[in-house]
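The values are calculated or read from the model by the stated rules, or taken from the named source; none is laboratory data. On a predicted model such as this, the values are computed, not experimentally measured, just so you know. Positions of Cβ are generated from backbone atoms using ideal geometry, with glycine treated the same way; all protein chains shown enter the neighbour counts.
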Amino acid sequence: MRIWYALLVFLTPFYLSAQNNLGARLTAIGNNGTAVPDVWTLQANPSGITGIEKPVISLSYIKHLFSDEISTQAFVAVIPFKNNFLGTSFQRYGFVEYNESKVGFAYAKKFGDKLSTAINVNYHQLRITNYGTSTGFSVDIGVIYCFENQFIFGAFVSNPSKQKFSSTEALIEIPTSFNIGASYFASDKILIASSVSKILNQYIDVSLGIDYKIVDSFSLRGGLSAKPFKQYAGFGLNYKKLLLDMATTYDASLGYAPQIAIGYAF
């Protein structure tokens, strides 16, 4: 079984390296975070944190059901002050013999009510038993533009300089991706979001999702993505300052991956 895990790492780097944990809310709407304000856009488009009005922290956990050992843990936090926003994020993916982690520090600025920009600096670490540890750095840049309080357009590029891990023994590169997206508030209860993303040396992926707020404290969500084809579903509960989001992703090759995120808005 350990050999299978090692082969999985090297034969399917797209699934292991190119996926960020976007939190259960953004995951449930099809991994759409390019143009959706949320604390977890730190992992998707950091300029999206400019929609946050109070300090927020959130923890997330994903269980990958094709294995009893592989999981993803993540943490995000955002502090707004006037038109400036500071954010930090952490993500760890893997199992005992293999794990990769990423720590990010973001700064975002809001220019009036329409335009926001952000930059995020990441420190990456990759550890493989019997191969050692390798590190690397990358930068993410994002922008969001709001139009008439109903439409939000976003663009985001991750690792445009194509930085790599320092060790030549690690064949997995730090992914470079380009993303554009849009979201539409059809009403005060319905949010529709879509995005187009391209990871270098991979297919172009298109995703679509919806967030339906049934009541102020409860939302239902769903989404689809094309390459690879995945289905998403979930719900969210807001009770006073406590935020609870649940989601699941279904991939025909990898099975179900349930996810939970717990947050607190100060």
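One line per residue, one yes/no per condition, for (1) among the polar types (S, T, N, Q); (2) in contact with a Lys or Arg (Cβ under 6 Å, 6 or more places away or on another chain); (3) surrounded by 17 or more Cβ atoms within 10 Å (Cβ to Cβ):
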residue: Gln150; (1), (2), (3): yes, no, no
residue: Asn159; (1), (2), (3): yes, no, yes
residue: Ser167; (1), (2), (3): yes, no, no
residue: Thr176; (1), (2), (3): yes, yes, yes
residue: Ala182; (1), (2), (3): no, no, yes
residue: Ser187; (1), (2), (3): yes, no, no
residue: Ser194; (1), (2), (3): yes, no, yes
residue: Tyr203; (1), (2), (3): no, yes, no
residue: Lys213; (1), (2), (3): no, yes, yes
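Each row is one residue, and each column tells you yes or no for (1) in contact with a helix residue (DSSP H, G or I) (Cβ under 7 Å, 6 or more places away or on another chain); (2) in a loop (DSSP other than H, G, I, E, B); (3) hydrophobic (A, V, I, L, M, F, W, C); (4) without any contact (Cβ under 8 Å) to a residue 60 or more places away in the chain.
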{"residue": "Val196", "(1), (2), (3), (4)": "no, no, yes, yes"}
{"residue": "Phe235", "(1), (2), (3), (4)": "no, no, yes, no"}
{"residue": "Asn238", "(1), (2), (3), (4)": "no, no, no, yes"}
{"residue": "Tyr250", "(1), (2), (3), (4)": "no, no, no, yes"}
State all residues of region 124-135 that are of a type in the set (Ser, Thr, Tyr), assigned to a strand (DSSP E or B) and over 22 Å from the mean Cα position of the chain (by Cα); if no residue qualifies, say none. Thr133, Ser134
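In region 252-263, which residues are in a strand (DSSP E or B) and either of a type in the set (A, V, I, L, M, F, W, C) or touching a Pro at 6+ places or on another chain (Cβ under 9 Å) (or both)? Quick ask: steps written out before the conclusion?
We begin by selecting, within region 252-263, every residue in a strand (DSSP E or B); these are 255-263.
Once the filter is applied, which keeps residues that are in a strand (DSSP E or B) and either of a type in the set (A, V, I, L, M, F, W, C) or touching a Pro at 6+ places or on another chain (Cβ under 9 Å) (or both), region 252-263 yields Ala257, Ile260, Ala261, Ile262.
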Restricting region 139-150 to residues that are touching a Phe, Trp or Tyr at 6+ places or on another chain (Cβ under 6 Å) and assigned to a strand (DSSP E or B), the residue that is farthest from Ile192 (Cα to Cα): Gly142
All but one of (1) over 18 Å from Gln43 (Cα atoms); (2) at pLDDT below 95 hold for Thr249; state the number of the condition that does not hold. (1)
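Quick one: would you say Phe165 is in contact (Cβ under 8 Å) with a residue 40 or more places away in the chain, of a type in the set (Phe, Trp, Tyr) and outside any strand (DSSP E or B)? Talk me through it step by step, then tell me what you get.
Numbers: in contact (Cβ under 8 Å) with a residue 40 or more places away in the chain: yes; of a type in the set (Phe, Trp, Tyr): yes; outside any strand (DSSP E or B): yes.
Taking the combined requirement at face value, the residue satisfies it.
When only residues in region 116-137 that are among the polar types (S, T, N, Q) and touching a strand residue (DSSP E or B) at 6+ places or on another chain (Cβ under 6 Å) count, which is nearest to Ile52 (Cα to Cα)?
Ser116
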All but one of (1) buried (at least 17 other Cβ atoms within 10 Å of the Cβ); (2) out of contact with any Gly (no Cβ under 9 Å at 6 or more places or on another chain); (3) under 22 Å from Ala247 (Cα atoms) hold for Gly209; which doesn't? (2)
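Look through Ser187, Ser183 and report the one residue that is over 20 Å from Ser101 (Cα atoms), without any contact (Cβ under 8 Å) to a residue 12 or more places away in the chain and either polar (S, T, N, Q) or in contact with a His (Cβ under 8 Å, 6 or more places away or on another chain) (or both). Full working, then the answer.
Working: Ser183 fails: without any contact (Cβ under 8 Å) to a residue 12 or more places away in the chain.
Ser187 is the lone residue from the list that is over 20 Å from Ser101 (Cα atoms), without any contact (Cβ under 8 Å) to a residue 12 or more places away in the chain and either polar (S, T, N, Q) or in contact with a His (Cβ under 8 Å, 6 or more places away or on another chain) (or both).
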Residue check, Tyr93 against (1) surrounded by 23 or more Cβ atoms within 10 Å (Cβ to Cβ); (2) modelled with pLDDT under 95; (3) of a type in the set (Ser, Thr, Tyr), all met but one. Which one? (1)
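Suppose we keep only residues that are out of contact with any helix residue (DSSP H, G or I) (no Cβ under 8 Å at 6 or more places or on another chain) and in a loop (DSSP other than H, G, I, E, B) within region 168-194. Which one would you say is modelled with the lowest pLDDT?
Looking at residues that are out of contact with any helix residue (DSSP H, G or I) (no Cβ under 8 Å at 6 or more places or on another chain) and in a loop (DSSP other than H, G, I, E, B), I get Ala170.
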Thr129 - would you say it is among the β-branched types (Val, Ile, Thr), more than 17 Å from Gly263 (Cβ to Cβ) and in contact with an Asp or Glu (Cβ under 6 Å, 6 or more places away or on another chain)? yes
